[in-house]
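First up is the structure itself, then whatever we jot down about it.
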């Protein structure tokens with residue numbers, strides 16, 4: 001199992017550790033726990049180590065055109081110095097991975113895929129790359145640190161960082177003498193940043209940010225809180241809302257598809273689904289009793305007809321109720337009351353609009 005460059009920092013805090021995509025990462029920290037860490041991000045600021053996320057580069061003449069023929073989104077929509085959420089699909093429309101693409105220049109791109117999928121993403125790109133395009137796996141070369149919450153800008157400003165950048169824009173900044181890629185993005189629904197220092201600089205950058213959040217009541221947070229935060233926003237997680245058997249159209253991620261650009265991997269299937277309409281799609285569920293939706297639970301009508309299953313579910317620390325995301329028959333609509341099977345007991349849920357919580361990313 002791989003370790004983050006900040007592994008010793010987590011052990012020093014006696015973090016509860018677990019496997020995330022082959023990386024031993026912190027779930028929560030003693031003295032705080034998921035609920036307190038979640039609350040810190042919603043109300044103040046939290047810092048996460050997400051160095052298990054992948055890193056790769058694609059360079060060479062024609063790199064933009066090549067990636068546009070691979071990924072769903074259209075890189076012509078953004079300019080140099082901006083990042084974009086996109087997906088890499090199979091020819092049958094399933095999702096190999098969802099990732100963030102940083103556009104340095106028309107022939108120079110930096111990719112941040114999910115941990116367990118990085119090798120697959122690099123392999124697919126190398127398989128299709130024409131002569132002159134270089135695809136390199138940089139997974140171990142960088143750490144990734146997320147600073148999230150309403151106080152995130154003031155924390156970064158205290159470190160001498162310019163925070164006046166647009167959502168999904170990025171630039172290189174200096175933190176404690178280390179060059180860091182800083183992008184205004186995140187996975188929590190709160191205003192924040194993701195920072196990518198070189199592995200050798202990770203510890204010093206981490207220590208500087210931890211010292212900056214403590215005076216304002218910020219917390220070091222584990223990936224347990226990151227999951228409850230992202231579920232409240234309805235953000236998809238690969239292996240749950242997205243996988244090789246669920247297409248972006250079915251996952252309600254059509255907004256991340258460049259429908260007007262040329263062909264790309266899976267485009268034939270996805271365009272057909274868009275035209276005809278998918279037979280199933282992702283929806284949000286909110287508990288009407290004490291039940292908590294969990295991944296894999298069956299969702300039924302009141303008459304017992306199976307409609308699909310929950311793909312992600314949790315107790316919402318913000319709403320104090322069970323919430324979930326499920327992939328269900330496309331006839332299901334907002335306002336419908338359905339039943340989930342919670343360990344053999346029927347629990348009532350309502351289909352609601354996403355996100356569960358207001359977004360503050362912009």
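The values are calculated or read from the model by the stated rules, or taken from the named source; none is laboratory data. Because the structure is predicted, anything quoted here is derived from the model rather than measured. Cβ sites come from the backbone with ideal geometry, for glycine too, and all protein chains shown count toward neighbours.
One residue stands out among those in the range 14-31 that are assigned to a loop (DSSP other than H, G, I, E, B) and out of contact with any helix residue (DSSP H, G or I) (no Cβ under 8 Å at 6 or more places or on another chain): the one that is farthest from residue 188 (Cα to Cα), which is 14. For the range 336-354, a residue qualifies if it is part of a loop (DSSP other than H, G, I, E, B), surrounded by 15 or more Cβ atoms within 10 Å (Cβ to Cβ) and in contact (Cβ under 8 Å) with a residue 40 or more places away in the chain, and exactly one does: 354.
Scanning the range 69-93 for residues that are more than 14 Å from residue 110 (Cα to Cα), touching a helix residue (DSSP H, G or I) at 6+ places or on another chain (Cβ under 9 Å) and outside any loop (DSSP other than H, G, I, E, B) turns up 76, 87, 88, 89. Against the numbered list (1) in a strand (DSSP E or B); (2) buried (at least 22 other Cβ atoms within 10 Å of the Cβ); (3) touching a helix residue (DSSP H, G or I) at 6+ places or on another chain (Cβ under 9 Å), residue 52 comes up short only at (1). If you check 102, 142 for being within 18 Å of residue 59 (Cβ to Cβ) and touching a helix residue (DSSP H, G or I) at 6+ places or on another chain (Cβ under 7 Å), only one passes: 142. Here is the figure for the range 253-286: residues that are under 25 Å from residue 42 (Cα atoms) and in a loop (DSSP other than H, G, I, E, B) total 1.
Scanning the range 145-160 for residues that are surrounded by fewer than 22 Cβ atoms within 10 Å (Cβ to Cβ) and either assigned to a loop (DSSP other than H, G, I, E, B) or not assigned by TED's automatic domain parsing to the domain that holds residue 180 (or both) yields a count of 3.
Exactly one residue among 225, 202, 178, 212 is modelled with pLDDT of 95 or more, touching a helix residue (DSSP H, G or I) at 6+ places or on another chain (Cβ under 7 Å), more than 28 Å from residue 322 (Cβ to Cβ) and surrounded by 20 or more Cβ atoms within 10 Å (Cβ to Cβ), and that residue is 212. Taking the range 94-118 as the region of interest, how many residues are touching a strand residue (DSSP E or B) at 6+ places or on another chain (Cβ under 8 Å) and part of a loop (DSSP other than H, G, I, E, B)? Counting residues in the range 94-118 that are touching a strand residue (DSSP E or B) at 6+ places or on another chain (Cβ under 8 Å) and part of a loop (DSSP other than H, G, I, E, B) gives 4.
Among the residues of the range 6-13, is any assigned to a loop (DSSP other than H, G, I, E, B) and surrounded by fewer than 18 Cβ atoms within 10 Å (Cβ to Cβ)?
Yes, the range 6-13 contains a residue that is assigned to a loop (DSSP other than H, G, I, E, B) and surrounded by fewer than 18 Cβ atoms within 10 Å (Cβ to Cβ).
For the range 18-32, taking the residues that are under 26 Å from residue 321 (Cα atoms) and modelled with pLDDT of 95 or more, the one that is surrounded by the fewest Cβ atoms within 10 Å (Cβ to Cβ) is identified as 30.
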